[in-house]
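Colleague: This is the structure I want to talk about, given as structure tokens.
Please treat every number below as a calculation from the coordinates, not as lab data. Because the structure is predicted, anything quoted here is derived from the model rather than measured. In this analysis, Cβ positions are derived from the backbone assuming ideal geometry, glycine residues included, and neighbour counts consider all displayed protein chains.
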């Protein structure tokens, strides 16, 4: 069985600590029977960078964004000339490619694992409270001894393997990879109604925990709006099939599939 490829977004390492961090993450991924792929590090192409990244990502079943300091600004001004202007000092920025590659992976529905160095300016897809978990790390510490990292990685790998299995099933059926928007709308409406009617707020919280979706990140105050937010999140990340499969195991009394 071929190894499952995953996309590893890392910038050029400028110091020993960052090089060790990149090597550590890459080695850990390989230890778990996953094959890390990075344009310019393990994968080389004569095509334009964005084209090469897109082609490589289509071969992968998940992505890791490893964001560490690329640029250090001693002093800077935020929103210069506006009423909200403020002075910044000691500002660290990652490579812009972390943002670009995270965006591309997200649009493909890749399970995302974001590891961000402490002390940086967190913005865009490196901020928390999106559809994935952002873990803040210190390069000088041993990442592998962290229980948090091991548990987050294990959950991410589970979703990567589910994504890969889905891709293989589609290939066997002669279908193209599922992309955002291909889930039938009437199925999404059906699942929204099922969760709103058959799951209490407490049930929904438990379901979110089991699926690895932070309940507190779901938008809306009302139960029906949180249900809608969950369905939208799972659709964006290519996990509707996972919801149905898992739901059938824990609540076989619920009609998860549409009936003719």
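Colleague: Between helix 240-250 and the chain, what is the angle of the helix's C-alpha long axis to the longest principal axis, kept within 0 to 90° and rounded to the nearest 10?
Modeller: So the helix axis and the longest Cα principal axis differ by about 60 degrees.
Colleague: To test your reading of the geometry: what angle, between 0 and 90 degrees and rounded to tens, separates the Cα axis of helix 49-59 from the longest principal axis of the chain?
Modeller: Between the helix axis and the principal axis of the chain, the angle is about 40 degrees.
Colleague: Another question, if that's okay. Could you give me the radius of gyration and the Dmax of the chain, taking only the C-alpha atoms into account and expressing both in angstrom?
Modeller: Just the Cα atoms of the chain yield Rg and Dmax of 20.0, 64 Å.
Colleague: Quick one: angle between helix 223-236 and the longest Cα principal axis of the chain, in degrees between 0 and 90, rounded to 10, please.
Modeller: Tilt of helix 223-236: around 70 degrees.
Colleague: So, one more: Along its three principal axes, how long is the stretch 180-250 when you only count alpha carbons? Whole Å, largest extent first please.
Modeller: The Cα atoms of the stretch 180-250 stretch 29, 26, 21 Å along the principal axes, largest first.
Colleague: Let me ask something else about it. Roughly what % of Cα-Cα distances in the stretch 68-155 sit above 15 Å, to the whole percent? It would help to have the intermediate numbers written out before the result.
Modeller: Numbers: 2525 of 3828 pairs.
Roughly 66 percent, once rounded to a whole number.
Colleague: Highest mean first, how do 248-254, 157-163, 31-37 rank when packing is the count of other Cβ atoms within 10 Å averaged over residues?
Modeller: On the way: 248-254: 10.6, 157-163: 20.0, 31-37: 15.9.
The peptides rank, most packed first, as 157-163, 31-37, 248-254.
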